[in-house]
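Read through the structure below, which is laid out as structure tokens, and then see the notes.
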Amino acid sequence: MTTHAFTLAGARLIALPTGALYWPDHNLLCVSDLHLGKSERRARLGTTSLPPYETQDTLARLDADLRTTGAKTVICLGDSFDDSAAADALGEDEKLWIATLQSGRRWVWIEGNHDPGPVDLGGTHLAELPVPPLTFRHIARPGASGELSGHYHPKASVHARGRSVSRPAFLIDTDRVILPAYGTYTGGLRSDDTPLTDLMRPEAVAVLTGTATRVIPMPR
């Protein structure tokens, strides 16, 4: 598995090709925007339907990343569920799977704009979490440093073999990391959209996810 190692505020971090971020010194895995239950919410609201396997697919990738890294702390950076009702509607097998992943680990649910309140699952629920020298929150704050956030589902494009390929991407500069959405069917915001160009420094890079990471200057 090809990864990308870098430092933020002196912390040594590793971007995984799945969209997860690993902090070896704390044996900590961070993921953002799982949006579990997205297909259930779409069906409930009568909007465009999605195949009903996204929750299992997302949990399977998270399970694999936890096995690979051996992380003992997990931080979910908000919008872990597509809404509160989607969390309530999780099947018993999915709830058991989450409980199994949580077993023997510290598990922190950061509040997002889709899931602002606690859900009836294990773990700790926080608005944000400082783990010096870093701070974990859902939405980036202008002027912050040492910050890890999600929310925007960033993606970036690269030209390869005569065509443009778009992938979910980490955006990284000397102040912050914005993680890509980890959940299946989550879509994304282009890195050249104003909210992201306003947040990221001119020297920012995009780390594309997929079968391997690829680092490019952040497209603007």
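Computed from backbone phi, the HN-Hα couplings of region 61-71 come to 5, 5, 4, 5, 5, 5, 5, 5, 8, x, 4 Hz, rounded to whole numbers (Karplus: 6.51 cos²θ - 1.76 cosθ + 1.60, θ = phi - 60°; Gly and Pro given as x). Using the Cβ-Cβ distance between Thr174 and His26 with R0 set to 30 Å, the FRET efficiency works out to roughly 0.90.
In the chain, what percent of the accessible surface is made up of carbon and sulfur (1.4 Å probe, ligands and nucleic acids excluded)? Could the numbers behind the result be given before it?
Working: 5040 of 9870 Å².
Heavy-atom surface of the chain belonging to carbon and sulfur, 1.4 Å probe: 51 percent.
In this structure the amide hydrogen of Thr184, modeled in the peptide plane, comes within under 5 Å of the amide hydrogens of Thr58, none closer than 5 places in sequence on its chain. I'd like the accessible area for Arg12: 1.4 Å probe, protein heavy atoms, all chains in place, Å² to the nearest 10. For Arg12, solvent-accessible area is about 120 Å².
Averaging the inverse of every distinct alpha carbon separation and then flipping it gives the Kirkwood radius. What is it for region 114-220, in angstrom units? Provide the component values of the computation, followed by the final result.
Working: mean 1/r = 0.0677 Å⁻¹.
Mean inverse Cα-Cα distance, inverted, gives 14.8 Å.
Under a Gaussian network description of the chain, with springs only between Cα atoms under 10 Å, the residue in Ala64, Ala140, Ala206 that fluctuates furthest is Ala64. Averaged over its residues, the chain has an accessible area of 45 Å² per residue, based on protein heavy atoms and a 1.4 Å probe.
Please compute the Kirkwood hydrodynamic radius of the chain from all pairs of different C-alpha atoms, in Å with one decimal.
On the way: mean 1/r = 0.0575 Å⁻¹.
Evaluated on the chain, it is 17.4 Å.
Projected label points at Arg220 and Ser145, each 7 Å from Cα along the beta carbon direction, are separated by 2.0 nanometres.
Taking every protein chain into account, the 1.4 Å probe leaves Lys72 with about 110 Å² of accessible area, to the nearest ten. Were the residues from Thr100 through Ile14 laid out at 0.36 nm apart, the gain over their Cα-Cα distance would be 28.5 nm. Net charge near Val131, counting Lys/Arg +1 and Asp/Glu -1 over other residues with Cβ under 13 Å of its Cβ? Residues near Val131 contribute -1 overall. Packing order of peptides 176-184, 141-149, highest average first: 176-184, 141-149 (average count of other Cβ atoms within 10 Å over each peptide's residues). Taken one residue at a time, the phi angles of region 102-109 give Karplus couplings (6.51, -1.76, 1.60, θ = phi - 60°) of 6, 4, x, 10, 7, 10, 10, 9 Hz. Gly and Pro are set to x.
Residue order by solvent-accessible surface for Arg67, Arg167 is Arg67, Arg167, largest first, with ligands and nucleic acids left out and a 1.4 Å probe. Among residues other than Ala204 with Cβ under 12 Å from its Cβ, the summed charge is -2 (Lys and Arg +1, Asp and Glu -1).
Toward the positive end of the charge dipole of the chain, with +1 on the Cβ of Lys and Arg and -1 on the Cβ of Asp and Glu, the farthest Cα among Gly10, Ser103, Ser145 is that of Gly10.
With both bridge residues required to lie in region 153-220, what share of the DSSP beta bridges run antiparallel, to the nearest 5%?
On the way: 16 of 18 bridges.
The antiparallel proportion sits near 90 percent.
A straight chain from Val165 to Thr3 at 0.36 nm per residue would run longer than the Cα-Cα distance by 56.4 nm.
Computed over the chain, relative contact order equals 23 percent, with contacts defined as Cα pairs under 8 Å that lie 6+ residues apart.
The values are calculated or read from the model by the stated rules, or taken from the named source; none is laboratory data. Quick caveat: nothing in here was measured; it's all calculated off a predicted structure. Because the Cβ atoms are built from the backbone with ideal geometry, glycine has one as well, and the counts that use them run over all protein chains shown. Each accessible area value is taken on the protein alone, full model and side chains, heavy atoms only, with ligands, DNA and RNA left out. Shrake-Rupley method; radii C 1.70, N 1.55, O 1.52, S 1.80 Å.
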